[in-house]
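Novice: Handing you a structure now.
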Amino acid sequence: MVDDRSLMHGADWSGQDLAGWWISEKLHGCRAFWDGAAMWSRGGNEVRVPDAWRAALPAIELDGELWAGRDGFTAARIATQYGRFNQAVRFMVFDGNLPGDFLEILKLKKVDAYVCAA
């Protein structure tokens, strides 16, 4: 189970030099944490992921969101809450215990392997 206090949270970076930082847009989905064996919601409830996801996800911690595209929040919420995934739902990873630095991961396309579709 995941504790919400251990997840990343937004912060105010006003006045700080962010040169060299990697920043991505905020997706409108449902927070999800893969602990290497199971997926958890921000509230600490297990998310019933499809068997294909369970087989494809690595045995490392990944932090991200279940996202179903723009205007797809309801589909993401239903997947998170009830385990009913449709083809639009993706696990969009934004942090994890990945080997190497971020640029190496992007060059090797390892990140793509962790964006799973239903």
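The values are calculated or read from the model by the stated rules, or taken from the named source; none is laboratory data. All of these numbers come straight from a predicted model, not from anything done at the bench. Areas reflect the complete protein model, heavy atoms only, side chains present, ligands, DNA and RNA absent. Shrake-Rupley method; radii C 1.70, N 1.55, O 1.52, S 1.80 Å.
Novice: Rg(Cα) of the stretch 22-103 divided by 2.2 N^0.38 Å? Provide the component values of the computation, followed by the final result.
Specialist: Numbers: Rg = 12.3 Å, N = 82, 2.2 N^0.38 = 11.7 Å.
The stretch 22-103 yields a ratio of 1.05.
Novice: How large is the accessible surface per residue of the stretch 16-89, computed with a 1.4 Å probe and reported in Å² as a whole number?
Specialist: On the way: 4380 Å² over 74 residues.
Heavy-atom accessible area per residue stands at 59 Å².
Novice: To the nearest 10 square angstrom, what accessible area does L57 show with a 1.4 Å probe?
Specialist: Accessible area of L57: about 10 Å².
Novice: Right, here's the next one. Would you list D101, D63, D51, D71 from the most to the least accessible area, probe 1.4 Å? Please report the intermediate quantities before stating the final value.
Specialist: Working: D101 80, D63 10, D51 125, D71 165 Å².
The ranking, largest first, comes out as D71, D51, D101, D63.
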